[in-house]
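Below is one structure, written out as structure tokens; the observations come after it.
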Amino acid sequence: MGIAVLVLFNLFLWGGAPRPVLAQDPPEENARCLTCHSNPDLQIQFADGSTLSAHVSGSRYQSSVHGQEAMTCGGCHPDHQQYPHPEVGAADHRAYTLKLNETCLECHPDQAERVQDSNHAHALAQGNTNAAVCVDCHGAHDTVSLAEARVKIATTCRKCHTGIYDEYSQSAHGKALREENNTDVPTCVDCHGVHTMEDPHTARFRLFSPNLCARCHADKALMSKYGISTEVFETYVADFHGTTVLLFEKQAPDAATNKAVCYDCH
């Protein structure tokens, strides 16, 4: 079915004039939207002439966390609850994404507050419009549960951090996750945080980094599963390097030190 036919069909469906979507059960409202948006050829055109597919897979959305919560399309697209829809005023795809991203903040205020102090938010505030926002990491119509997302975290981060992913994927941690699907091993967010990621190049991050490693390597129950002794961490904090690093962390967290931390050697 061509786009023109879909438009004519919807003019018939809506009586030819803009009308608000009536309050109804979410599946019925979403089914009405899918009358057009199930068409794989449907596109949005932006002011700069670029286009974006407006196709939505009903089955993928239904299996997403939003679909399972019976969220309606209008919950995230309140400006498009009338037909014909208003014109998209965004200059390009990225401007459209950044504007739509504001919708996420309405339902997820706690995460929105935490992310404001993150490296991504700082980059965005400084004018880097390519800095990651909610939908870049979580998707839009195919958002998965946190349990499902864990094995996909590293490949999600790879979309921006390709070189770092390549290094991680060849590490003991990365290989265990990639080849064995072992979710015990740390992935990106275990060391860098989820919504509160900070700059890993600062003295503060470096001094705190042994504590990140300790989350796993000081856990006797976890380490015993893999025949790894927790003495690795215990001996580090007891020697000159570890004692100095921990002292700096407590007394001068922003001061640089040349004493070795875990990742200098490993």
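Please name whichever of 209, 262, 243 sits farthest to the positive end of the charge dipole of the range 203-265, dipole taken about the Cα centre and charges placed at Cβ: Lys and Arg +1, Asp and Glu -1.
Projecting each Cα onto the dipole axis, the largest value belongs to 209.
For the range 121-266, what's the relative contact order in percent, using C-alpha pairs closer than 8 Å and at least 6 residues apart?
Working: 103 pairs, mean separation 22.1, N = 146.
Computed over the range 121-266, the figure is 15 percent.
How fast does the chain diffuse by Stokes-Einstein, in µm²/s, taking the Kirkwood radius from C-alpha pairs at 20 °C and 1.002 mPa s?
In µm²/s, the coefficient rounds to 97.
If you look for lysine pairs in the chain that are eight or more places apart or on different chains, how many of them have Cα atoms under 30 Å apart?
12
Above 18 angstrom, tally the Cα pairs of the range 55-182 and express them as a % of all pairs, no decimals.
Here the tail beyond 18 Å accounts for 64 percent of pairs.
How many Å³ per residue does the convex hull of the Cα positions in the range 144-188 occupy?
Values: hull volume 2.8 nm³, N = 45.
About 63 Å³ per residue, rounded to a whole number.
Using unit Cβ charges (K, R positive; D, E negative) and no other charged atoms, how large, in debye to the nearest 20, is the dipole of the chain about its Cα centre?
Working: 19 positive and 32 negative charges, 50 e Å.
That gives a dipole near 240 debye.
Take every Cα pair under 8 Å in the chain that's 6+ residues apart, average their separations, divide by the length, and report that relative contact order as a whole percent.
This gives 13 percent for the chain.
Where q = 0.15, 0.17, 0.20, 0.21 Å⁻¹, what log10 of I(q)/I(0) comes from the Debye formula for the range 25-120, counting one point per Cα?
-0.72, -0.91, -1.18, -1.25
Subtracting the Cα-Cα distance from 0.36 nm times the residue separation, let me have the gained length for residue 111 to residue 258 in nm, one decimal. Don't skip to the answer; put the middle values down first.
Working: separation 147, 0.36 × 147 = 52.92 nm, distance 3.52 nm.
The residue 111-residue 258 span can extend by a further 49.4 nm.
Quick one: which residues, 5+ away or cross-chain, put their amide H under 5 Å from the amide H of residue 43? H built at 1.01 Å from N.
54
Laboratory data are not the source of any read-out in this text; all were calculated from the coordinates shown. In this text the structure is predicted, and so the values were computed from the model without any measurement. FYI the Cβ positions are ideal-geometry reconstructions off the backbone, even for glycines, and counts take in every protein chain you see.
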